[in-house]
Amino acid sequence: MRRIAPLLAAAGLLATTVPLLSATQAAAAPAEEYAKQKPSWHRCSTDQPASYECATIKVPLDYRRPRGRTIDLAISRIKSENPAKRHGVMLLNPGGPGGPGLDLPLMTAESMPKEVRDQYDLIGFDPRGVGASSPVSCGLTDAEQNSDRPYRPGTFPSDVAWARTVAEKCREKAGAVLPYITTRNTARDMDAIRTALGERKISYLGYSYGTYLGAVYTQMFPNKTDRFLLDSGVDPQRVWRGMIQVWATEAEPAFQRWTGWTAERAGEYQLGDTPKAVSETFWALVARADEDPIDFDGEKVTGDRIRTARGFFFYPEHAARLVKALKDAAEGRPAGSAPELKQFLQDSRQVAGRATGQVTGQVTSQVPESEPEPASASEPASDNGTAVFWSVLCGDTDAWPRDPGQYRREAARDKVAYPLYGDFASNIKPCAFWQRPIEAATPMKTRANVLTVQNEWDSQTPLLSGQGLHRALKGSRMVLAMGGEGHGVYLADPNSCANAPVNAYLTTGRLPAEDVTCRTAPGSAEQRRESPASPKPLPLPLPLPSGPGRF
């Protein structure tokens, strides 16, 4: 959710003939091997509270070989301030894949109600390969980190070359490690943390990708699962290509909602007085920008680049301001100081590659690509999050098509079916050339008495996905905030109607008797953020989408 964001099947450090293990064949982690290690806690930083402590433990790179190569796992904690009410530990994950979580206890402690916070030692960790946990890198340039590539027949060969290059560079740079950067191994790491802390069970709060990580843990370690809150759900049946494609399918109803909202405010935005007229205005702007890119503050904005703003349409007011500003700029009028435009340019610039200005799947030849910033003693390489992102997406499942032609056909089809983002979502990805996974995806068969929570209008894990997670986890309950906007609910929006049932569950451990549907006023999260008298919300999901490339 924050920062918020590949291996060829050729001869390499790991042979492609490694048999794919089933979920049952690959036993859950022999975490007891590491039960004897005790974290050596120390103050994380002199400029942070003394209560915020850090430590490092060792975990196996390959849990099938627990006495083989090990990697570091950076963990943190803020202990309960009320030992008499302490229930146990709560592990925290911000999403990603590739999102660091070491600082989450600090943020969560500031945002969580006291009656909940008193019950838990809050435990953060950088997942394996991320941040301070033996960080990985593929040596990718900024342009190579851009996965937001529209389908066009003329540029598809360069898209295939990009996907192949990412996979090859990851194999060459980190081929001995990346096959083990997977959700199942991260779940095993969570259990290693549990044993190192001497706990019988763990509680958990996971956002976005963290919901899938939490769900996998419940299946691998059902007897170690305590109170689990899965916020903004990933549908296990869509892991992972389907989760990218759902960004396209669910952007369409959000776009239709936006056209109606904007038409009702035609006097303010002047984009059309009917939903049809607003839609026509938008698509005319896209076509015009593709023919003659919009010049804004020295940047050229194409129609394809405008379509990458699909996440904005889950926030109608923000989308209206953005489209109006772009239209004004296209027509030679001052675009004003709409923060949405600045956010859009910042997001798309970050995704497209800071040094290349890439927006259509082709690198601007006149501008040299920038090499990734090397890792330092305190910071991982600049492509660390991207390397982990593809490692997890490609290594979790063997469901990715291997034929580039299939991506070409489906991207062309989805560009028509889902015009806002369909071709971006279905276009080729590095997983087409990645080494086959060494483990099968995790089946969701074991009952999991967990709580899921979801906003109706979520751009990254849309409602359809959250409902899929709820269905997959038999025994779960769902709290649905109708009208709720944004990616992330609990602690992100202190005004959300979902907070009361979530707090009750985390305090008592009792699930609601049935699913809960409530109504939140749209925009409540941002309204609360803008009020200086309000409690500080958890700064995981930004008020606006932070780019399309993460869960």
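Throughout, read-outs are computed from the coordinates displayed, never taken from laboratory work. A quick note: this is a predicted structure, and the numbers were derived from the prediction, not measured. Neighbour counts run over all protein chains shown; Cβ positions are idealised from the backbone, glycine included.
For region 41-88, treating each Cα as an identical point scatterer without solvent, what Debye log10 I(q)/I(0) comes out at q = 0.23, 0.29 1/Å?
-0.82, -0.98
What ranking do 72-85, 98-111 get when scored by the average of other Cβ atoms within 10 Å per residue, highest first?
Per-residue mean Cβ counts within 10 Å order the peptides as 98-111, 72-85.
Would you mind putting 272-284, 52-64, 289-301, 418-430 in packing order, based on average other-beta-carbon counts within 10 Å, highest first?
Ranked from most to least packed, the peptides come out as 418-430, 52-64, 272-284, 289-301.
Hey, which aspartates and glutamates would be in cross-link range of K327, C-alpha to C-alpha under 17 Å, not counting anything within fewer than 8 residues on its own chain?
Result set, ordered by chain and number: E268, D273, E280, D290, E291, D292, D295, D297, E299, D304, E317, E340.
So if I restrict to the alpha-carbon atoms in region 423-462, what is the Rg, and what is Dmax, the biggest pairwise distance, in Å?
Cα only, region 423-462: 16.0, 38 Å (Rg, Dmax).
Which order, highest average first, do 149-158, 310-319 follow once you tally other Cβ atoms within 10 Å for each residue and take the mean per peptide? Kindly include the intermediate steps, with their values, before the conclusion.
Working: 149-158: 17.3, 310-319: 25.0.
Listed from highest to lowest mean packing, they are 310-319, 149-158.
Gap in Å between the Cα centre of region 37-107 and the Cα centre of region 263-290?
Here the two parts' Cα centres lie 49 Å apart.
Return the loop-located trypsin sites (Lys or Arg not before Pro) in region 408-456 (DSSP other than H, G, I, E, B) with at most 13 other Cβ atoms within 10 Å of their own Cβ; answer none if there are none. The partial results should precede the final answer.
Working: sites: R408, R409, R413, K415, K445, R447; in loops: K445, R447.
For trypsin sites (Lys or Arg not before Pro) across region 408-456 that sit outside H, G, I, E and B with at most 13 neighbouring Cβ atoms in 10 Å, the list reads K445, R447.
For region 172-293, what is the per residue volume of the convex hull drawn over the alpha-carbon atoms, in cubic angstrom?
Each residue corresponds to 195 Å³ of Cα convex hull volume.
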